[in-house]
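Each value in this text was obtained by applying a stated rule to the coordinates, not by laboratory testing. In this text, all values refer to a predicted model and were calculated from it rather than measured experimentally. Every residue, glycine among them, receives a Cβ derived from its backbone with ideal geometry; neighbour counts consider all protein chains shown.
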Amino acid sequence: MNDLDELLLRLKMDTLPDAVENLLEQAVKEDLNAREILMRVLGHEWNNRRYKGTAARLKQARLPWVKTLEQFDFSFQPGIDQRIIRELAGLSFVERNENVVLLGPPGVGKTHLAVALGVKAAEAGHRLLFMPLDRLMAALVKARLENRLERQLQQLSYIRVLILDEIGYLPMSRDEANLFFRLMNRRYEKASIILTSNKSFSDWGEVFGDHVLATAILDRLLHHSTTVNIKGESYRLKDKRKAGTITRRVPEKQEVESSN
Ligand code: ADP
Ligand code: MG
């Protein structure tokens, strides 16, 4: 091992020993000056570190699949205000510990958009966790049984962006709703939640089996939040519709509210 490789390893520049000879050779060919060479070499290490960090965060996130905003066809869902989604993709809501709520019927892209915003957050260095409601509930109930609910809530509150998917598909018991409330309380104004639901807020009393609790949950969720209400058609049924098996519904206008 030569002195340069040794030094790079001591500096924990793991990706450079393999790459540095090529980078320097290329730099000489391009007649770069000293500053440009330094930029090129350090830039290589930085890009690789960022890439590895993002990959590790995405692995920990337990996403159902990775989809990006670039893969989202906004022309299929003309009701969605693209500016709002682009603004969210800038992640200032994460910096401000605000929430995002995506509402709409099945198949309109709620999970896709939640995942895509999560990918942006992971790229920007934020810790991320995706939890469908049933998995969240199972984790909290199990933690309580094992006398470690506090620790579990604490762990969940460290995660910078928590995606809670599919609120409303299954009704919750009062006990589960209480656990959910405790989580919301923990994260309130401390870290962001991206939540998806097929139920409008007026139905949340039924979802949580208790109107007072539902109001308290909504209060914390919506205090600093952006709600995107998608009223379009299911993307999953798109091909069936094309084939003529389903008739087309007239898309309604979609509403976006932001409250701060
Ligand atoms: P929801 O969570 O609202 O039920 P999903 O986000 O799971 O819907 O979307 C269903 C499938 O359709 C996913 O594979 C998703 O990537 C895709 N999809 C939904 N809407 C769009 C869109 N506008 N452009 C591209 N793919 C979409
Ligand atoms: Mg979904």
Find, among the GluC sites (Glu not before Pro) in region 1-76, those assigned to loop by DSSP (not H, G, I, E, B) with at most 11 other beta-carbon atoms within 10 angstrom. E30
Cα-Cα over 19 Å: which of K59/K120; K110/K238; K190/K231? K190/K231
Using the Karplus curve 6.51 cos²θ - 1.76 cosθ + 1.60 with θ = phi - 60°, work out ³J(HN,Hα) for each residue of region 54-71 in order, rounded to whole Hz, and write x for Gly and Pro. 4, 4, 5, 5, 5, 5, 5, 6, 6, 5, x, 6, 9, 10, 10, 5, 4, 7
So for the chain: antiparallel DSSP bridges make up what percent, rounded to the nearest 5? 20 percent
Neighbour-limited loop hits for GluC sites (Glu not before Pro), region 109-159 (at most 10 other Cβ within 10 Å; DSSP other than H, G, I, E, B): E146
How far apart, in nm, are two points set 7 Å out from the Cα along the Cα-to-Cβ line at L38 and at N22? 2.5 nm
Diffusion coefficient, µm² s⁻¹, Stokes-Einstein with Kirkwood Rh over alpha-carbon pairs of region 45-96 at 20 °C and 1.002 mPa s: 159 µm²/s
Please report the net charge: other residues with Cβ closer than 14 Å to the Cβ of K110, K and R +1, D and E -1. +1
Order of V41, V100, V141, V161 under a 10 Å beta carbon neighbour criterion, fewest first: V141, V41, V100, V161
Quote the FRET efficiency, to the nearest 0.05, computed for N178 versus Q71 with a Förster distance R0 of 51 Å and r equal to the Cβ-Cβ distance. 0.85
Over all directions, the chain yields a Cα convex hull whose mean projected area in nm² is 19.7 nm²
Order of K120, K110, K142 from fewest to most other C-beta atoms within 10 Å? K142, K120, K110
Once Lys and Arg get +1 and Asp and Glu get -1 on their Cβ, which of N97, T54, L69 lies farthest toward the positive end of the dipole of region 52-100? T54
Quick check: the distance between the Cα centres of region 1-63 and region 168-235, to the nearest angstrom? 44 Å
Which lysines have a Cα less than 18 Å from the Cα of K12, not counting those fewer than 8 places away in the same chain? K52
Among A19, A122, I37, flag the residue with its Cα farthest along the positive direction of the charge dipole of the chain, charges on Cβ as +1 for Lys/Arg and -1 for Asp/Glu. A122
Taking the beta-carbon count within 10 Å as an exposure proxy, list S157, S197 from fewest neighbours to most. S157, S197
Might you report the magnitude of the Cβ-based charge dipole of the chain about its Cα centre, with Lys and Arg at +1 and Asp and Glu at -1, to the nearest 20 debye? 760 debye
